[in-house]
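The values are calculated or read from the model by the stated rules, or taken from the named source; none is laboratory data. Please read these numbers as outputs of a predicted model, since none were measured by experiment. Neighbour counts are summed over all protein chains in view; Cβ atoms, including those assigned to glycine, are modelled from backbone coordinates with ideal geometry.
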Amino acid sequence: MSQKSRKQQKQQTKENILKTAFQTISQQGFYFTTVDDIIKKAGYSHGTFFVHFKSKDNLLIELIESTAGEMKELYQKKMPGTYSIQEVLSIHLDVIHQYEAFYTHLIKEENFLPDTARGAFFELQNIIADYIKKAIKEEKAKLQIIDSPLYLMISTWMGLIHYYLQNSDLFAPGHSVIEIKKEELVDHYLTIARIGTEAK
């Protein structure tokens, strides 16, 4: 086997481990997923795992950073040049929906993650917050949205969707809470954001 082929095989093995880790964590969560779970499902040995990752924490850091990168790319592809707050919120939910189970465990178990992994997740939140901020500023200028501090409006949206995701067994038992409640979430937030604007 050539050096190039060995390098490609090594990279493929690493990608398979990351893919298996993503799938397992989406089902079991970060805390309850062990290295044994991952290598058993991926069909590798402990030795192979530790060739690519120093520890479970090291794996989590790479996995969360790569997933956050994928979500960032999706936001950038889906966002139009100019956009309304409704479009931004809908796109935000569409992207989360593609990673819903994994993302839900992220917000549930964030405090137990390695600091570097938490940093990648925080950066992802900042990216969508920037899109929301721009859309809110435009609608404020048109008097289509209440004049409330931006950080409160962004935190209200994030808190709303995270609450629904963390309690998906109540809001959409056995189903995707984003798929079932998407329109309700967007409409509810816009109702709050536009209260009082009719009088202006």
Which of (1) in a helix (DSSP H, G or I); (2) touching a helix residue (DSSP H, G or I) at 6+ places or on another chain (Cβ under 7 Å) is the odd one out, the single condition Phe122 does not satisfy? (2)
Which residue out of Ala117, Ala129 is over 9 Å from the mean Cα position of the chain (by Cα), within 18 Å of Gln76 (Cβ to Cβ) and assigned to a helix (DSSP H, G or I)? Ala129
Scan region 94-123 residue by residue and report those that are closer than 26 Å to Val186 by Cβ, among the acidic types (Asp, Glu) and surrounded by 14 or more Cβ atoms within 10 Å (Cβ to Cβ). Asp94, Glu100, Glu110
Exception for Thr34 within (1) in contact (Cβ under 8 Å) with a residue 40 or more places away in the chain; (2) over 30 Å from Thr191 (Cα atoms); (3) of a type outside the set (Gly, Ala, Ser) falls at (1)
Unmet criterion (only one of (1) loosely packed, with under 14 Cβ neighbours inside 10 Å; (2) among the acidic types (Asp, Glu); (3) not assigned by TED's automatic domain parsing to the domain that holds Tyr164) for Asp37: (1)
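Per-residue answers, yes or no, for (1) surrounded by 14 or more Cβ atoms within 10 Å (Cβ to Cβ); (2) in a helix (DSSP H, G or I):
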| position | (1), (2) |
| --- | --- |
| Gln11 | no, yes |
| Asn16 | yes, yes |
| Gln23 | yes, yes |
| Phe32 | no, no |
| Tyr44 | yes, no |
Complete set of residues in region 46-86 that are among the hydroxyl-bearing types (Ser, Thr, Tyr), more than 18 Å from Phe22 (Cβ to Cβ) and part of a helix (DSSP H, G or I): Tyr75
Pull out all pairs, ordered by first then second residue, where Cβ-Cβ is under 9 Å, the residues are six or more apart or on different chains, the first lies in region 1-15 and is under 15 Å from Gly43 (Cα atoms), and the second is modelled with pLDDT of 90 or more and among the polar types (S, T, N, Q). Thr13/Thr48
Is it the case, given these coordinates, that Glu109 is out of contact with any Asp or Glu (no Cβ under 8 Å at 6 or more places or on another chain), within 21 Å of Gln27 (Cβ to Cβ), part of a helix (DSSP H, G or I) and charged (D, E, K, R)? yes
Quick one: count up the residues across region 46-61 that are surrounded by fewer than 15 Cβ atoms within 10 Å (Cβ to Cβ) and either of a type in the set (Val, Ile, Thr) or under 18 Å from Lys7 (Cβ atoms) (or both). 1
Based on what the data block shows, is Ile64 surrounded by 18 or more Cβ atoms within 10 Å (Cβ to Cβ), touching a Leu at 6+ places or on another chain (Cβ under 8 Å) and more than 26 Å from Leu113 (Cβ to Cβ)? no
